[in-house]
Amino acid sequence: MARGIYITSAEGNTGKSTIALGVLATLRRSVEKVGVFRPIARSTTENDYVLDLLLQHDGVEIGYDESVGVSYDEVHEDPDRALARIVERYKAVEAQCDVVVILGSDYTDVGTPTELGYNARIAANLGAPVLLVLGGHPRSQSEYRTPDAMRLATEVAVAELAHEHAHLLAIIANRADPDRLTDIHSAIQDAEPGAPVWVIPEDPVLVAPTMRAIMDATHGTLIKGDPELLDREALGVVIAAMGVDNVLKRLIEGSVVVVPGDRTEVLLAVLLAHESATFPSLSGVVLNGGFELPEHVGSLIDGIRPSIPIIESPLGSFDTAVRINDIRPRLAADSQRKLDTARALFDTAIDHDELLSLLQLGRSDVVTPLMFEYSLIERARAERRHIVLPEGDDDRILRAAATVLSRGIADLTILGEEIEVRSRAIGLGLDIQAAHVVSSFDDVLRVKFAEEYARLRSHKGVTYERALDTVTDPNYFGTLMVHLGHAHGMVSGAAHTTAQTVRPAFEIIKTAPGIDVVSSVFLMALADRVLVYGDCAVIPDPTVAELADIAVSAVDTSAQFGIEPRVAMLSYSTGESGTGAEVDKVRAATALVRERIPSIPVDGPIQYDAAADAAVARTKLPDSEVAGRATVFIFPDLNTGNNTYKAVQRSAGAVAIGPIMQGLRLPVNDLSRGATVQDIVNTIAITAIQAQGAQDAGAQSARAQDAAGSAGIAP
């Protein structure tokens, strides 16, 4: 089994940091402890930003200093001594990890063929197979490399590796011509028939500088606009040192416009063009020349209220353009769009299972929180479902939507006014083109939904006129979309209370067959396993029948997420040792659960320590199938459940995923109003998985196809 994988290239600007990120993510899905190592650091005066990016990846716990081998200066002074130092420091990292991602040098020193040779020598001495990255679009060339050129590059690089006795694991052609991927694959395979070959196309987003990078490179200062939009990529540069008519003709979608600071009429025209929606959307404006913006012009701009960043730079037009052009493309840790794009490209092009097989890495029996989160994403992607997000005016929802779409986790409908939602997404530098954006005031759907809601709630006195108003509420609108098959599930709550999110589901979707109550569970991801806790969020004091319903629903939920159910019905007493109303309630509920699902191990009443700890279990319930091995913990009331999950979360460092609503006929899930973007992504994945297992999924899918055809919404 390989303990490390050495990622290197024959030249700079191949984008191997994006490959390293993809490899790291792939390994974290299957292996508990992954390390990162950089044999030769880019700089000794500041942190290596690529290494920083990799070390910030979830689940990597190696410190920066121990992840660095030597500097370029040390290699120049004494290559052999530097190599010995690299091996020594690498072995210290390797000893702490199951596998290590090793990232070769970046050709920031002297870019000669000997640099690849030295990387190959390092790899051979570390005993790490080489993942060779070939660049399909070198920064020094204006055109993509042809397949023949890629074949030649392969032959030269592979020969250099062989000369230093390095073992070639596989080849990735990165930043390749999107129109010639098959030809490039064939050319490389012809040059090295024995190696697996993968080809990743060039994506303009990954090589585009952000407005923040442009501001830094031009020594600029943000004087107007939304600071959050500094992380948007600039996909082109327009030098606006000409008349307004000519400038407007040359505007490019997603570009940064460089305007001389004394050409205020051009600045105003550019801002109006951006705001008008009849010209391309711009990433930002750089005012160069060091001219201070006149006060009256500033007041006029404030009246326009542009959101795009306006940066003031002291440099001249030529120097500004050169500085922007010379910005080295970075997979910046603060650019979510770049990270999402890189992951999506890697996931699409690379066979993860084959990569793990080449490294002879099997899947670990341990399930860490991060491994579990990855498994959620993989399961959601395997059978995509359509999820509706009612809160299209929340930036977190838009950011999460961009991630979900780019990684193929689910298809999405976002509720909101289309021009507002899409304009905000563009401004944030997010790609949500694949999402459907629907207004809750849509004339056709509003009438259809009002008729259905009035029918469902007529016994409560709801008239069509009242329903026509009610269904414009995004949560009611979204719930009706799920109910009528326009979507398979809904996620809300980032800007709404739990009651606002789930009340429509209680009224419209109702419970699944055989279940009388809606409850919730948390998936508690501990250091080495995942447990199910219920109910911790919905029912304050469940009756015997409700407690049994919670347990039965929790068994279904655990099975959906790959957790073998062994149910502990918790109480302050174990077995027959205690009496009292609360213990009797749990005892009666346990009997009901056993009757309803006789094939599932269920025990109760049982105390938490007896359910979770094998040593305690041997003393208190030695013959139990559940004691000491429980995976599903059912609490007797909300007070106990809510406090316990929070205590475990805070004291044991567990990751609490949820609450996950269960018992509904179709999935609707509630977010915390403090939810992070990653929380939202996880909840969408969870909802998609629940939708996959919905009992009437087949009927719902058929309804979705019919409904989508009439409403223009893809199911």
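The values are calculated or read from the model by the stated rules, or taken from the named source; none is laboratory data. Just so it is clear, the model here is predicted, and its values are computed rather than measured. Here the Cβ is made from the backbone with ideal geometry for all residues, glycine too, and neighbour counts use every protein chain on show. Areas reflect the complete protein model, heavy atoms only, side chains present, ligands, DNA and RNA absent. Shrake-Rupley method; radii C 1.70, N 1.55, O 1.52, S 1.80 Å.
Here are a few things to note about the model shown:
- Length released on extending from Thr146 to Thr543, taking residue separation times 0.36 nm less the Cα-Cα span: 135.8 nm
- The smallest convex shape that holds all Cα atoms of the range 198-258, its convex hull, gives 115 Å³ per residue.
- Contact order normalised by residue count of the chain, Cα under 8 Å, 6+ apart, percent: 11 percent
- Kirkwood radius and radius of gyration were both taken over the C-alpha atoms of the range 366-441, and their ratio Rg/Rh is 1.04.
- P(r) of the range 542-676 over all Cα-Cα pairs, binned every 5 Å from zero, in whole percent: 2, 10, 19, 23, 22, 14, 7, 3, 1
- Under 23 Å from Lys249, Cα to Cα: lysines that are on another chain or at least 8 residues apart: none
- Cα shape, the range 474-516, gyration tensor, a/c 1.5 rule: oblate
- Those lysines that a straight Cα-Cα span of less than 28 Å connects to Lys460, excepting residues fewer than 8 apart in one chain: Lys448, Lys510
- P(r) weight above 21 Å for the range 158-239, C-alpha pairs, percent: 53 percent
- For the peptides 382-389, 65-72, the ranking by packing is 382-389, 65-72, with the highest mean count of neighbouring Cβ atoms within 10 Å listed first.
- Ranked packing of 495-502, 202-209, most packed first, by mean Cβ within 10 Å: 202-209, 495-502
- Put simply, when 578-584, 523-529 are sorted by average Cβ atoms within 10 angstrom per residue, most first, you get 523-529, 578-584.
- Per residue accessible area in Å² of the range 135-227, where ligands, DNA and RNA are left out and the probe is 1.4 Å: 46 Å²
- Bins of 5 Å, starting at 0 and running to the largest distance - Cα pair percent for the range 1-91: 2, 12, 22, 25, 21, 11, 4, 1, 0
- Cα-based helix-to-principal-axis angle, 474-483 vs the chain, degrees rounded to 10: 70 degrees
- Computed on the Cα trace of the range 575-625, the radius of gyration divided by the Kirkwood hydrodynamic radius gives Rg/Rh = 0.98.
- Tensor-based shape of the range 431-539 (alpha-carbon gyration tensor, a/c under 1.5 rounded, otherwise prolate or oblate): oblate
- Positive-end residue of Leu547, Pro474, Val462, charge dipole of the range 461-558 with Cβ unit charges: Pro474
- Listed by chain and number, the aspartates and glutamates whose C-alpha is less than 12 Å from the C-alpha of Lys224, apart from same-chain residues fewer than 8 away, are Asp302, Glu312.
- Angle in degrees between helix 16-28 and the longest Cα principal axis of the chain, rounded to the nearest 10: 20 degrees
- Calculation over all alpha carbon pairs of the range 270-354 in 5 angstrom steps from 0 returns a P(r) of 3, 11, 13, 16, 16, 15, 10, 6, 4, 3, 2, 1, 0 percent.
- Counting only Cβ charges, +1 for Lys and Arg and -1 for Asp and Glu, the dipole size of the range 527-657 around its Cα centre is about 300 debye.
- Bridges between two residues of the chain, per DSSP, are antiparallel at a rate of about 20%.
- Extension gain, Ala527 back to Asp226 (0.36 nm per residue minus Cα-Cα distance, nm): 104.4 nm
- If only the Cβ of Lys and Arg carry +1 and only the Cβ of Asp and Glu carry -1, the dipole of the chain around its Cα centre is close to 1200 debye.
- Solvent-accessible area of the chain (1.4 angstrom probe, protein heavy atoms only): carbon and sulfur portion equals 49 percent.
- Geometric extent, Cα atoms of the chain - Rg, Dmax (angstrom): 29.0, 90
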